[in-house]
Amino acid sequence: MNKKVACSECKREIKDGHSFLVDDQPVCYECIFGQVEPVMIYPIGKVSKINDDGISRIDLFPYQQRFMYKLEEEKWITIVYYLHQINSMNTVFKRGTKSNGKEVGVFASRSPHRPSRIAVSDVELVRISNFSIYVKGLDARQDSPVLDIKMAKKL
Ligand SMILES: [Zn+2]
């Protein structure tokens with residue numbers, strides 16, 4: 001059942017779930033992003049499995065294998081992925097886990113609750129098997145679309 005929800009900013013009806021919860025209030029995409037057309041990005045794979053030992057498996061789509069030449073020689077790689085389940089954010093929130101954390105906006109933080117839904121994570125490359133890349137330290141949910149993989153800047 002589709003419940004009709006009005007945007008808390010412009011008061012118009014929100015169509016097709018095109019909204020975020022901002023400070024717990026629904027706001028339509030037009031109010032957040034203006035009149036621009038969305039950018040279309042094809043994922044190159046997805047986060048397939050997250051194990052208890054902190055190792056995640058990323059499965060790339062088969063065609064992507066030709067772009068993996070010498071990837072196994074890297075120790076650290078950067079994973080760019082899409083936060084497909086995120087639809088809420090706060091304009092200001094406390095950074096970190098402590099209650100005395102500094103108050104900041106989304107762009108001064110690494111919060112996953114952000115309007116772009118793009119996340120970047122530097123991870124340790126554990127091993128590669130065909131199109132599967134095993135990494136340690138990826139803070140992504142299962143089935144997250146993977147948008148890109150890059151050599152990480154030296155830490
Ligand atoms: Zn609106």
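When you scan the range 1-78 for strands (runs of 3 or more DSSP E) that lie fully inside it, which ones turn up with 3 or more residues that are within 16 Å of the ligand (Cβ to nearest atom) and touching a strand residue (DSSP E or B) at 6+ places or on another chain (Cβ under 9 Å)?
Output list reads 19-22, 25-28.
Residue under question is Lys153, and the condition is that it be more than 13 Å from the chain's Cα centre (by Cα), over 24 Å from Ser19 (Cβ atoms) and loosely packed, with under 14 Cβ neighbours inside 10 Å; does it hold?
yes
Would you say Pro62 is touching a residue at least 40 places away in the same chain (Cβ under 8 Å), surrounded by fewer than 11 Cβ atoms within 10 Å (Cβ to Cβ) and not assigned by TED's automatic domain parsing to the domain that holds Cys7?
The answer is yes for Pro62.
Can you tell me which residue within the range 1-13, out of those that are hydrophobic (A, V, I, L, M, F, W, C) and modelled with pLDDT of 95 or more, is surrounded by the most Cβ atoms within 10 Å (Cβ to Cβ)?
That would be Cys7.
The values are calculated or read from the model by the stated rules, or taken from the named source; none is laboratory data. All values derive from a computational prediction rather than experimental measurement. For neighbour counting, all protein chains shown are included, and Cβ atoms are generated from backbone atoms with ideal geometry for every residue, glycine included.
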